[in-house]
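The values are calculated or read from the model by the stated rules, or taken from the named source; none is laboratory data. Not measured: the values here are computed from a predicted model. Virtual Cβ from ideal backbone geometry, glycine too; neighbours counted across all protein chains shown.
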Amino acid sequence: MDKPVVKKTNHNTSIGEPSWSENALRVWRLRFLDEGEAPEERLRLVAMETSYKAALKYGLSEEEALRRAEELYRLMVEKKFMFNSPTIRNAGRDPKLSKAACFVIPLGDSMPEIFDAVKTAALIQQAGGGVGADFTPLRPKGDIIASTGGRSSGPVGFMRIFDAAAEEIKQGGVRRGAWMFSLRASHPDVEEFVATEFKNANTSVSVDDRFMRKVTGEDPDPAWELVNPRDGQVWKVVNARELFQKIVKRAHATGNPGLLFLDRINADNPLPQLGPITATNPCVAGDTWVMTGEGPRQVQELVGRPFEAVVNGTLHTTSEEGFFKTATKPVLRLETREGYSLRLTADHRVLRVVDLTRYRIGLEWVPAEKLRPGDRILLHNHRSLPGWPGDLTEGEGYLLGLLVGDGVLKEDAAVLSVWAKEEAVHGSPADKGAACVMAQALEYAMALPHRSDFTGWFPVAGRNEYRLKSASVKALAERVGMRPGFKTVTPAIERASSDGYRGFLRGLFDCDGTVVGNQQKGVSVRLAQSDLELLRAVQRMLLRLGIASTIYKDRHPSGIRCLPDGKGCRREYRLKAQHELVIRGDNLALFAARVGFTDGAKAQKLDSLLAAYRRRLNRERFVATVLSVEPGGVEDVYDVQVPGVNAFDAGGIYVHNCGEQPLHPNHACNLGSINLGRYWDPVRRKVKWGELFRDARVAARGLNDVIETAHYPTPEIDAAVRASMQIGLGVMGLADLLIQAELPYDSPEGRRLAARCLRVIRWAARVESQALVKERGVFPLWEGSLWGKKGVPVRNAAMTTVAPTGTIGVLVDASSGIEPLFAVAYIRRTHEGQELKYIHPAFVEVARKEGFYSEELMQEVARRGTVVGVPGVPQKWQNIFKGAHDIHWGDHILMQAELQKYVDNAISKTVNLPHDATEEDIWQAYVLAWRTGCKGITVFRDGCRKEQVLTITQQLPQRDGGTICVEWGKYVPPALPPEMPARRYYVDTPVGELQLFVVTDEKNRPVEIFGQVGKAGSDVNADVEAICRMTSVALRAGIALWYVVKQLHGIGGANAVGFGPKRVRSIADAIGKVLNAHFLNPGAEELTTEGNVITGARDKEGDVMLDFCPQCGNATLVHQDGCRRCLNPDCLYEAC
C-alpha cells in the first residue's frame, strides 16, 4: 500500500532538532522505522494518524486538527510522552494492524469456543499484541464430556496448546507471542496449574478475600472447596494454607505464579453493569420469566431486541441488543420458603436483605452462591404498575380460569362445571355464589362465536352440578396451548394482558379459592391444587399485579380418602398431594380490588372480614426467605443490560442486570506513558506541576484519538473498546525523577512525591475526559457505570494505569515504569565474549558534581553492581542510588500500594527479591500486597530461573563489628491462646485520644498490643494498627522490652500534646510511654533518644543475578514491570 502523506506544518519551529541517544536510535531502527525513515517522521505520522484524523472526524477545523496533532507531536519529540509500541509501529501502515498493546479474550467450556479463542489470539499476536485469558470456566481434568463420553484434558492441557501457538506466531516481525494465563484458586486443577511452567506465558492465580482470610488465619477454618465450574459441584476440599504454600514455593523457584486480588480489582470496576472483572459471566436460564412493559416474557423471547424492563413497577429501557447468550454453563436453583424460584449462575447477584425494621430495609448485592438458607431476599413490588397490553380479554381469561379450575377439555368442546351447595329451585341453583359465577360465565361465553342453539348452562341430575359446553371455549383453550388431558397455566396465559390476568385468576379462585379465618387468627384467601407448577405460575401472576403470596407444599399428603361422589353417597378416591397458595396481610385488600371473586358468597365473606378489621392490615415488605440453593444442571445462559437501574425482575425476584456483555471480555489496552523524569525543575527544586497537568491532558486526548482512529483484530473487540472508551495513561521515569529530587525510592518522602505525580496525572486525565464530552459525548456504557450513577459526564470509563514501558522507555531514555533502577552497574557480555561494564550516567554525573568521582571507585561499583556499602560513596547517595535488589521487598510493595490509590486500573511492577530470600519472605510479600490494597503482585527472586545465570558482582566485605542479624529468617513469634488478660489505657496524642489495650502473659509481661484513635480516619488507625502489630511481633519474638520502648520513644513531628514528662509527640511515642510507665520501670525518669545506633550493611553476597536472554544469548535478562526484558541495546527482547 502507498505510504500516507504526512502534512508538514510550521508549528514546530521552536522545537529544535530532536536528539536521540545511541541506544534509542538503535531501538528505533530495530523496531519501528522503515528504511530511510527518521524517528521524528514516524512520530509526526503517529500524530497525524491519530489526533489530526480524530479532530476532523468530529467536525473540527483543519487548523484546529493540525494544532492538536502538533501539540501531541511536540510532546513525543520532547520525550515527555510516548504511546505503547504498537501505536508507534503500526500508525500509517496496514490499517488492519492494531494499535493496542494487550487484550483480554473470553473462554467458553466447549471445543468451538476454545479454538475460536486460539484464532482470536493468533490475530492479536500477529498484530503485535499480548493476550490474557481466564481459564476458570473450563471444566477440570478428567471431567466427563457428555457429547463424546470422553474425559476432559482440563485447562492446563489447553493452556499448552495456546502456549505452543504463541511460540509459532512472530509478532509483527518483532517478538514472539506472549500470554497471561489466570485461574481461580477455587478451580479443581489449580494445583496442576501452579506446578506447570509455560514458555510464552506468565501465570497468575486469582484469589478473593475469603481465601486470603483463611491463609492468614483470620478465618480459623482452613477448609477450601475446589469447585467444578461446569456444574458447581465440590470436587475436593483442601487446606487453604497448604495450597497457598504451594503457590509460594513455586513462585520462590520460578517467579510464577503471581496473584490477582479479585475483590480489590472489582472494587474499582468502573463498569459494574458489565459484571465483575474476570467473572464467569453471571446470567440466567433462557426459560426465566422477566417482567417487561409489553407484559411477562421469557428470556429467549427477548434475545437480540431492546425492551422495557419493569423494575418495582417502573419502566427502564435495556440496551439495543436486549438479552444475549453468553455460553452454556452450570446453574443453581434458588428456592424460597414462599415458593418463588429461579435458575441462575453462581455469580449472578441477588438483592439480599441485611436489615429489616418497621421503617427501612437494608440491602446488599450478593452472588447467588453465597446465599444460605434463612437469608432474606427482595421481591419486586409492581403495585404502581397500571397494567400492560397483550392477548386475552378479561372475559376470555375468566372462562379459561374456570376451565383450569373445574372444567374438562374434550375432543369436541370444553365443558365448564359449577357445583351448587343447595338444591336447584326452578332449574337454577339456590346457592347465590354459584348463580353469580354462572351468570358471569354465560355472559362471557355468549360474547364468543357460538351456535344459534347454544343454551348455556344445564343441570346434571342428582349431582348438584351445572355444566356449560362450548366449542368456542375449546378453541380459545387451544389458542393458548391447552389440549385434552393438558389444562394448566401455559406460557401463553402467563404472557397475557393484565386484563386477561384478572379474569383468569378470578375464574380460578371462584372455582378452587376459599376465604378463611378471623381477625384473631388472621384472615387469608387460599387456593388449593395438586399441580405445584400451576400454583407457582399463579404466584408469579399475582406478584405482577402487586400481590405477594406463600405456597405451602404437601398441605394434604397423597393417599386414599372417602369423599362425596356427587350422587348423595361417599366413596374412596385416590388423591394426589395437595398444595396451597395463601394470600395474607394487605395483599388481601389488593386482591379484592384487582382480582376479587365473582362468587357472591366468597366476595361477601372477604368484604365482611376486611371491613371488620380495627387495625391496619400487615404491610407487605416484599421479602422472601431462602429455602435452598442447589445445583440445577447445565443451561444456555443469557445476559442483559438495563442502564441506570441495573436490575430486572426474574421470576419475581430482584436481581442485578446479569453482568458482562459478550463484548466485555474482549477488552483491549490503549496505553501511553508520561516520562516523569522530564518534569523536574533543577533551579526551583520542584516538579513542574502546571506543565505536568497540561501535558497529561494532551496525552489523555491522544489516547482517546487512538481509539477513534484504530482498527482491532475482531469486531467483538472493536465494539467492546468503543463501548467503554477505556484508556491507560501511565508513567515511566519515576526512578529518574526521584534521583533528581534526591529522594530514596524506599523513603516515605519518595512515595509521597510519586503519589502526588500520579494524583495530578489522574486529575488531568479526568478533566480532559470531561472536556471531550462536549465534543464527542459520554462513552456508550456511561449510564450504567459508576460515573453515570454519580452523574459525572466523562468520555472514558477508566483513564489511568501503569503499564510496562521497557521499549518506549529506551526511546526516551527513561527508567522503566514505577520501578527503581534495576542496577546502578552491570556487566554485559557481547557475542564475541567481551565484557562491557555499564554504570548509570546519573551516578557518574553526581559523583563528578559532588567530588567523589574516581576511576577506582567506578571500577569498584562496576565490580559490585551496587553503590550500597561501597567505601567512598556518601551514605546519602548510597540511599538514593539503591538498585532494585538493594531495596527491601516490603518497600517495593509499599510504593505499588501507595500509587494504586491514584490509578484506575492495575499497576505492572515486579517485586525483586535477593537470591537468598526465603519462601516465608514471598508468603509475607503476597500477604502484604493483599493487605495494602494492591490489585496484584508479581515477584522475582534473583537467580530462581533454571537457566544458567551470571553473577555480576562480588561478595561485599562484612561490616566491622560482626553479625548484624541473628539467624535471619529463622524466628516466627509464637501464636497466643484465644483468651488472655488485657489492660486498657487512654493517652492524648496529636491525632486524637489513643485507646490502647496491652495483653499480658502469666508473668505480667506485655505480649501483644492493639489500639484505636477515637474519631480519626481509617488512614490514622491503619498506622496505629501497623505500629501495634510490629510492636507485638517484637515483644513475642523476645526482643528486650527496654529496646522496644527505646525505638518507639521520642518519635514525633511538628505537633505534640502535654508538657514535660507527659509530653506526647506521636502514636508511637504514646505507646512507648505506656510500656515504659506501666511495665518497664514505673516512675523512671524520661528516656532519651540518644544512644548507640546500629548501622546497616550487607551480611551476604550482594549479587544481582541476570538470566540469559533467549534472543541474543547474553546474560542481560531482567525482570521489571511484570515483564522479562533484555538490557542489551542490540537486542531489547521483551516478553510481558
Note to self: Which numbered condition in (1) under 25 Å from the mean Cα position of the chain (by Cα); (2) at pLDDT 90 or above is the only one that ARG697 fails?
What the structure shows: (1)
Next item on the list: Can you run down the residue pairs with Cβ atoms below 6 Å, 6 or more apart or on separate chains, where the first is in segment 536-557 and under 20 Å from GLN578 (Cα atoms) and the partner is surrounded by fewer than 23 Cβ atoms within 10 Å (Cβ to Cβ) and of a type in the set (Lys, Arg)?
Entry: none
Check: Considering only helices (runs of 4 or more DSSP H) fully contained in segment 818-908, which possess at least 3 residues that are modelled with pLDDT of 85 or more and more than 19 Å from ASP736 (Cα to Cα)?
Finding: 855-864, 889-900
Notebook entry, point to check: Is it the case that some residue within segment 558-566 is among the basic types (Lys, Arg) and modelled with pLDDT of 95 or more?
Noted result: no
Notebook entry, point to check: Considering only residues of segment 291-307 that are closer than 16 Å to SER498 by Cα and not basic (Lys, Arg), which is surrounded by the most Cβ atoms within 10 Å (Cβ to Cβ)?
Noted result: MET291
Margin query: Need the failing condition index for ASP554 against (1) over 42 Å from the mean Cα position of the chain (by Cα); (2) over 30 Å from ALA346 (Cα atoms), just the number.
Written below: (2)
Note to self: Being touching a Cys at 6+ places or on another chain (Cβ under 6 Å) and not in a helix (DSSP H, G or I) is the filter here; which residues of segment 600-638 pass it?
What the structure shows: VAL637, TYR638
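Okay, residues lined up against (1) without any contact (Cβ under 8 Å) to a residue 60 or more places away in the chain; (2) assigned by TED's automatic domain parsing to the domain that holds LEU738; (3) more than 30 Å from GLY933 (Cβ to Cβ):
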residue: ALA842; (1), (2), (3): no, no, yes
residue: GLU845; (1), (2), (3): yes, no, yes
residue: PHE852; (1), (2), (3): yes, no, yes
residue: GLU860; (1), (2), (3): yes, no, yes
residue: GLY869; (1), (2), (3): no, no, yes
residue: PHE881; (1), (2), (3): no, no, no
residue: ALA884; (1), (2), (3): no, no, no
Next item on the list: Count, please, the residues in segment 315-328 that happen to be touching a strand residue (DSSP E or B) at 6+ places or on another chain (Cβ under 8 Å) and either modelled with pLDDT of 80 or more or within 26 Å of GLY387 (Cβ to Cβ) (or both).
Entry: 6
Next item on the list: Take segment 627-650 and flag every residue that is closer than 27 Å to GLY546 by Cβ and in contact with a Ser or Thr (Cβ under 6 Å, 6 or more places away or on another chain).
Entry: LEU627, VAL640, GLN641, VAL642, ALA650
Note to self: With the requirement that a residue be outside any helix (DSSP H, G or I), surrounded by fewer than 22 Cβ atoms within 10 Å (Cβ to Cβ) and free of Cβ contacts under 8 Å to residues at least 40 places away in the same chain, what does segment 776-808 give you?
What the structure shows: GLY777, VAL778, GLY791, VAL792, PRO793
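Residue-wise test of (1) more than 21 Å from SER816 (Cβ to Cβ); (2) assigned to a loop (DSSP other than H, G, I, E, B); (3) under 27 Å from the mean Cα position of the chain (by Cα).
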{"site": "ILE739", "(1), (2), (3)": "no, no, no"}
{"site": "TYR745", "(1), (2), (3)": "no, yes, no"}
{"site": "GLU749", "(1), (2), (3)": "yes, no, no"}
{"site": "ALA754", "(1), (2), (3)": "no, no, yes"}
{"site": "CYS757", "(1), (2), (3)": "no, no, yes"}
{"site": "ARG766", "(1), (2), (3)": "yes, no, yes"}
{"site": "SER769", "(1), (2), (3)": "yes, no, yes"}
{"site": "VAL773", "(1), (2), (3)": "yes, no, yes"}
Next item on the list: Looking for whichever is in contact with a Gly (Cβ under 8 Å, 6 or more places away or on another chain) and not in a loop (DSSP other than H, G, I, E, B) here; the options are GLY507, GLY517. Which one fits?
Entry: GLY507
Check: Can MET76 be described as closer than 26 Å to ILE717 by Cα and either in contact with a strand residue (DSSP E or B) (Cβ under 8 Å, 6 or more places away or on another chain) or hydroxyl-bearing (Ser, Thr, Tyr) (or both)?
Finding: no
Notebook entry, point to check: Of the residues in segment 359-391, how many are of a type in the set (Val, Ile, Thr) and surrounded by fewer than 21 Cβ atoms within 10 Å (Cβ to Cβ)?
Noted result: 2
Item checked: Matching residues in segment 342-358 - criterion: being of a type in the set (S, T, N, Q) and surrounded by 24 or more Cβ atoms within 10 Å (Cβ to Cβ) -> THR345
Next item on the list: Please indicate, with yes or no, whether at least one residue in segment 184-207 is surrounded by fewer than 17 Cβ atoms within 10 Å (Cβ to Cβ), under 30 Å from VAL634 (Cα atoms) and basic (Lys, Arg).
Entry: no
Notebook entry, point to check: Of the residues that sit in segment 711-736 and are surrounded by 24 or more Cβ atoms within 10 Å (Cβ to Cβ), under 26 Å from GLU783 (Cβ atoms) and out of contact with any His (no Cβ under 8 Å at 6 or more places or on another chain), which one is modelled with the highest pLDDT?
Noted result: LEU729
Next item on the list: Could you please let me know if VAL1024 is in contact with a strand residue (DSSP E or B) (Cβ under 9 Å, 6 or more places away or on another chain), of a type in the set (Val, Ile, Thr) and modelled with pLDDT under 80?
Entry: no
Notebook entry, point to check: If ILE114 passes every condition in (1) touching a residue at least 60 places away in the same chain (Cβ under 8 Å); (2) in contact with a helix residue (DSSP H, G or I) (Cβ under 7 Å, 6 or more places away or on another chain) but one, which one does it miss?
Noted result: (1)
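Here is a yes/no grid of residues against (1) at pLDDT below 90; (2) within 24 Å of LYS605 (Cβ to Cβ); (3) out of contact with any Phe, Trp or Tyr (no Cβ under 8 Å at 6 or more places or on another chain):
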site	(1), (2), (3)
ASP375	no, no, yes
HIS380	no, no, no
LEU392	no, no, no
SER428	yes, yes, yes
ASP431	yes, yes, yes
ALA435	yes, yes, yes
ALA447	no, no, yes
VAL460	yes, no, no
ARG467	no, no, no
Notebook entry, point to check: Does THR488 satisfy the criteria of being touching a residue at least 40 places away in the same chain (Cβ under 8 Å) and not in a loop (DSSP other than H, G, I, E, B)?
Noted result: no
Item checked: Search result, residues across segment 87-144 that are outside any helix (DSSP H, G or I), of a type in the set (A, V, I, L, M) and more than 26 Å from VAL634 (Cα to Cα) -> ALA91, LEU97, ALA100, ALA101, ALA127, VAL131
